[in-house]
Amino acid sequence: MNKAVFFLMTILLSFTMFGQEITGQWNGFLKVPGGQLALVFNISKSENGYSATMDSPDQGAKGIPVTTTKFENTTLKLEIPSARIVFEGELNQYNVIVGTFTQSGQSFPLNLSREILKKETVIRPQEPQNPFPYYTEDVTFENKTDKNVLAGTLSLPSKEGKFPVVILISGSGPQNRDEEILGHKPFLVLADYLTKKGIAVLRFDDRGVAKSTGEYKTATTLDFAKDVQAAVDYLKTRKEIDKNKIGLIGHSEGGIIAPIVAQNSKDVKFIILLAGPGLRGDQLMLLQKEMIERQKGISENEIKKGQEIFKGAYDIIVASSANDINLKSKAFSYLKSKLGDTANDTQISALSSQITSPWLVSFLKLDPAIALEKVKCPVLALNGEKDLQVPPDINLEAIKVALAKGGNKNVTTKKLSNLNHLFQECKTGSPDEYAAIEQTFSPIALEEISKWILVQVK
């Protein structure tokens, strides 16, 4: 009898499953090394079948198009070839899609539910909480060249007065005003620290991210520089800002953007480069790949093989002319000749799309030295000793050489012990550690930044 009842329940549940509608919002947490990444899939249906978009709230990304959306019987399959992402899962009787998320050959379990899920509690002791002992204001300003409106937060030591100010410039990838990543908000912590020291701070969402308008995916580093120049122009209209004491702080890619803006603007009086690249983009990407792979324990033979393949691909891109309509097909042909035995055409096409995106093509060709040689204002360049993404010694030296070549003598470069790319105290420097580390921004780095600024603006 008990078996009969169980069998009947199974049949009823199976009918329920087949009758369930897959459309709507599905939420889940991707458990990656060192933390969790929230993902949201929004599925809709038309007479042509299913379609979907993906949001990654922790990375400030929303509405990423899903190229392929299939739902047959109880199996859901989603593909985003441009990011080398595949999700496949089964809708069970509890209305949960139990599946696997794969990106670039690495697979992680991912379950999706209609419920709004809560993350496991992460401890971020440095994150400031309201009420703040200073004045903050949500602001907007326009990049009149590209016609996009940037939204951000201006923090002032007090509502009345006239203050020196810095603009925070985020690293690569779609970033919100806090440069939020894996539960950390580095720019919120930095802004809080500096404002308490008497320095106003403007931080803003990247174009196309959060409350800022514009298109992110087609933008390049040079486009982001125009957004920062718009921020400088906006600050000049504020009565609370000392217009002779405007500075820029750029992290990672932001450390290239800051010199690009400073070289053309007499309004920028000083710049700080936090893990700012000194090498040309293609050289930096190869070095970053090598350093991270070696830390992960990949064999030297595999590292060497990968370096040769990607150097060849990057060489094709760097040598290409502007707006080369055949660049993706050239990259595909090259990669197929090198990877044809280990990857299929779909995977190679996805990789070809990725490395020929407007941003990466521009970045690979970009040599920071060109802008740095024209920077005449004071410069502070800081790197973490264990930074694997922008390795310190070679990049700091390249920055120093370029500034010296241009005749800039007001330059300070410093490597900070035991810090990673995010300026956290760390063990190995691996990106896998970022989320697991409770510290968001080393107090030593915060003090180095504020002390130097206060000397410049006294």
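Before moving on, here are some points about what is shown:
- Matching label, volume of the Cα convex hull per residue in Å³ computed from the structure shown, candidates [x] 290; [y] 135; [z] 177: [z]
- Pairs exceeding a 25 Å alpha-carbon distance, out of K269/K451; K196/K239; K185/K400; K305/K330; K226/K266: K185/K400.
- The longest stretch of the chain left intact once loop-based GluC sites (Glu not before Pro) with at most 16 other Cβ atoms within 10 Å are removed from consideration, loops following DSSP, is 216-384.
- Formal net charge of residues neighbouring M54 (Cβ-Cβ distance under 12 Å; K, R +1; D, E -1): -1
- Rg/Rh for the stretch 94-155 (Cα atoms only, Rh after Kirkwood) is 1.19.
- Computed over the stretch 293-358, relative contact order equals 28 percent, with contacts defined as Cα pairs under 8 Å that lie 6+ residues apart.
- Charge context of Q456, other residues only, Cβ under 9 angstrom, K/R +1, D/E -1: +3
- Spatial offset of the stretch 405-454 relative to the stretch 302-356 amounts to 34 Å, using the alpha carbon center of each.
- Considering only G281, I256, Q25, and ranking their Cα positions along the charge dipole of the chain that arises from unit charges at the beta-carbon of Lys, Arg, Asp and Glu, the one farthest toward the positive end is I256.
- For the chain, the mean residue ellipticity at 222 nm estimated from helices alone is -11000 deg cm²/dmol, where every DSSP H run of n ≥ 4 contributes -39500 (n - 2.57) and the total is divided by all residues, rounded to the nearest 500.
- Of interest is the spacing of the C-alpha centroids, which for the stretch 137-160 and the stretch 40-62 amounts to 30 Å.
- For the stretch 129-208, the alpha carbon convex hull comes to 103 Å³ per residue, rounded to a whole number.
- Computed from Cα atoms, the angle from the helix 2-19 axis to the main principal axis of the chain rounds to 50 degrees.
- Couplings for the stretch 129-144, taken from phi via the Karplus curve 6.51 cos²θ - 1.76 cosθ + 1.60 with θ = phi - 60°, read 10, 4, x, 7, x, 7, 9, 10, 9, 6, 10, 9, 8, 10, 7, 6 Hz in order; Gly and Pro are left as x.
- For the pair T346 and K266, a Förster radius of 56 Å applied to the C-beta separation gives a FRET efficiency near 0.65, rounded to the nearest 0.05.
- For the stretch 84-182, size of Cβ-based charge dipole, Lys and Arg +1, Asp and Glu -1, in debye: 120
- For the pair V139 and V411, a Förster radius of 30 Å applied to the C-beta separation gives a FRET efficiency near 0.40, rounded to the nearest 0.05.
- Listed pairs K70/K147; K236/K289; K289/K405 exceeding 31 Å between Cα atoms: K70/K147; K236/K289
Read-outs: derived from the displayed coordinates by stated rules, not from any lab. Quantities reported herein were computed from a predicted structural model and do not represent experimental measurements. Glycine gets a Cβ as well: all are built from the backbone with ideal geometry, and neighbour counts include every protein chain shown.
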